[in-house]
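One structure below.
The values are calculated or read from the model by the stated rules, or taken from the named source; none is laboratory data. What you are looking at is a predicted structure, and each value in this text was computed from that prediction instead of being measured. Cβ coordinates were reconstructed from backbone atoms using ideal geometry, including for glycine residues, and neighbour counts include every protein chain displayed. Remember, those area values only see protein heavy atoms, side chains included, never the ligands or the DNA or RNA. Shrake-Rupley method; radii C 1.70, N 1.55, O 1.52, S 1.80 Å.
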Amino acid sequence: MIKTSLWLCAALLLAMTIGPVTFAMAQSGRPDGADIYLVLEPRASAGLTRDLARVGAKEIGPLRATFARLITAVPTGHADLQKSGYLIMPASALALLCGIKIKESVS
């Protein structure tokens, strides 16, 4: 009985983890309407700071995570960072994952 419960809990936990991660990875590389992105850097180094300056991107927020940065960048800067090997996720996709619906502005 306990083994069955543990297996069911493990399956539920796996399902709850795989869904959001798969959604986030599917949105990776898409352009964001507001040009705000989360840049994930798997190899914590000073290279990201240099690359952000090179493409003209700016960090947003008072805090910096160890392996990620929230930035604003023009579409060409976004593409350059992606070509450099960084994983880029649009902020609107992350907001949608958290249940925040963003209203698109009509221009």
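Some points to look at:
- Between amide H atoms placed 1.01 Å from N, distances below 5 Å from Ala68 occur with Glu41, all of them 5 or more places distant or on a separate chain.
- A simple spin-label model places the labels of Lys101 and Val74 3.4 nm from each other, with each point 7 Å out along Cα-to-Cβ.
- Legend: residues Val74, Val39, sorted from most to least accessible area (1.4 Å probe; ligands, DNA and RNA excluded), read Val74, Val39.
- Two-site FRET efficiency, Lys3 against Ile60, from Cβ-Cβ distance with R₀ of 41 Å, rounded to 0.05: 0.30
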